[in-house]
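Engineer: My questions all concern the structure below.
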Amino acid sequence: MTDIQHITATELAQRLADGQPVNLLDVREAWEYDFNRIPGGTLHPMSDMADWATKLDPAQAYVIYCHHGIRSMHACAYLRRRGFTQLFNLVGGIDAWSREVDPTVPLY
């Protein structure tokens, strides 16, 4: 999975602050998304990946995140094998977002 691009929570926050368009995919499960989320993120659980992946545009760029960055890395690899080229894994996931960018997002 070495061809996966990575983005830090701070870099993502800067992109959002700069008004850059970001397709932010949350690959956690619904109960996790209900507990906390990054504003602007949409839920696309890994358990349904075979379905929702067919509905994404491979020409678009996506930042993918989960709790700590492991599931999202696997999601990036899955999408890469299906022809997606502009994929960014959020290093440290929403946990890093909570610790480094927005402490109002609860940790779990």
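Just so you know, all these numbers are worked out from the coordinates, no wet-lab data involved. The structure displayed is predicted, hence computed values, not measured ones. Counting neighbours? That spans all protein chains shown, and the Cβs are built from the backbone with ideal geometry, glycine included.
Engineer: Residue 6's amide H: which non-local residues (gap 5+, or another chain) put their own amide H closer than 5 Å, with H modeled 1.01 Å from N in plane and none for Pro or chain starts?
Structural biologist: 89
Engineer: Provide the per-residue ³J(HN,Hα) series for segment 103-108, in order, calculated from phi with Karplus coefficients 6.51, -1.76, 1.60 and θ = phi - 60°, each as a whole number of Hz, with x at glycine and proline positions.
Structural biologist: Karplus values, whole Hz, x for Gly and Pro: x, 7, 7, x, 7, 8.
Engineer: Could I ask something else about it? Assign unit charges at the C-beta atoms only (+1 for Lys and Arg, -1 for Asp and Glu), then state the dipole size of the chain relative to its Cα centre in Debye, rounded to the nearest 20. Could the numbers behind the result be given before it?
Structural biologist: Numbers: 9 positive and 13 negative charges, 57 e Å.
The calculation lands at about 280 debye.
Engineer: Oh, and also: Largest first, please: the extent of the C-alpha atoms of segment 33-108 along each principal axis, to the nearest Å.
Structural biologist: Computed over segment 33-108, the largest-to-smallest principal extents equal 35, 20, 20 Å.
Engineer: Between residue 56 and residues 5 or more places away or on another chain, which pairs have amide H atoms under 5 Å apart, with H built 1.01 Å from N, and which residues are they?
Structural biologist: none
Engineer: Okay, moving on. Quick one: 3J(HN,Hα) in Hz for segment 12-17, Karplus 6.51/-1.76/1.60 with θ = phi - 60°, rounded, Gly and Pro as x.
Structural biologist: 5, 4, 5, 4, 5, 5
Engineer: Please turn the phi angles of segment 85-91 into ³J(HN,Hα) values with the Karplus equation 6.51 cos²θ - 1.76 cosθ + 1.60 (θ = phi - 60°), one per residue in order, whole Hz, x for glycine and proline.
Structural biologist: For segment 85-91, the Karplus-derived couplings read 10, 10, 10, 10, 8, 6, 5 Hz, x marking Gly and Pro.
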